[in-house]
Amino acid sequence: MQFSARSRNTTSPPQSPVAGTAHAFALIRREDIDPTALAPLLADWLVAMIPTVRQTAYQLRSGNYTDGVVSPLAMQVAGTPTFLRTAEQQGVSPELLRPYFDLMRRRLAEGGGEEDLTGVIDLLVR
């Protein structure tokens, strides 16, 4: 698949790939699921997320965080309670998710609802 600044396929959970992978494995620790069966699904998800790296770079360079957005920040923030509720129900700590979700909510409160997750980066710069 050829990547362009205007195309993006993302249905990812709103967190870093490493944190998301760790969280996914934690969710299945008490279940009758072989971690090696989940691993290919997670690996495929990580591969599918690779274009977001380029998309983020293009948005940072242009300053237009709404270019090519498929999953706006407002929609992703609206979905965060589901992630937190699922973690609680499964007995998994949300401590990997919560800081990122807090940044997402902050960016949304600043008016970035139509943006991509790229705007969160600006909140990290001091």
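The values are calculated or read from the model by the stated rules, or taken from the named source; none is laboratory data. This is a predicted model, so every value here is computed, not measured. As a convention, Cβ positions derive from the backbone with ideal geometry for all residues, glycine included, and neighbour counts pool all protein chains shown. Just so you know, the surface numbers come from the protein's heavy atoms only, side chains and all, with ligands and any DNA or RNA stripped out. Shrake-Rupley method; radii C 1.70, N 1.55, O 1.52, S 1.80 Å.
Points to keep in mind about this one:
- Here THR118, THR52 are screened, and the one residue that is within 16 Å of the chain's Cα centre (by Cα) and at pLDDT below 95 is THR52.
- Meets criteria (assigned to a helix (DSSP H, G or I) and under 15 Å from GLU114 (Cβ atoms)) for GLN89: no
Residues are listed down the side, and each one gets a yes or a no for (1) more than 18 Å from PRO51 (Cα to Cα); (2) in contact with a helix residue (DSSP H, G or I) (Cβ under 7 Å, 6 or more places away or on another chain); (3) not basic (Lys, Arg):
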site	(1), (2), (3)
ARG61	no, no, no
TYR65	no, yes, yes
MET75	yes, no, yes
THR82	yes, no, yes
GLU95	yes, no, yes
GLY111	yes, no, yes
GLU115	no, yes, yes
THR118	no, yes, yes
LEU124	yes, no, yes
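- Filter result (under 18 Å from ALA22 (Cβ atoms) and in contact with a Ser or Thr (Cβ under 7 Å, 6 or more places away or on another chain)) within the range 47-86: MET49
- Some residue of the range 71-83 being at pLDDT below 95 and in a helix (DSSP H, G or I): yes
- Members of the range 49-70 found to be part of a helix (DSSP H, G or I) and open to solvent by less than 50 Å² (accessible area, probe 1.4 Å), listed by number: MET49, PRO51, THR52, GLN55, THR56, GLN59
- Applying the criterion of being farther than 21 Å from LEU124 by Cβ and among the charged types (D, E, K, R) to the residues of the range 74-110, the residue that is most open to solvent (accessible area, probe 1.4 Å) is GLU88.
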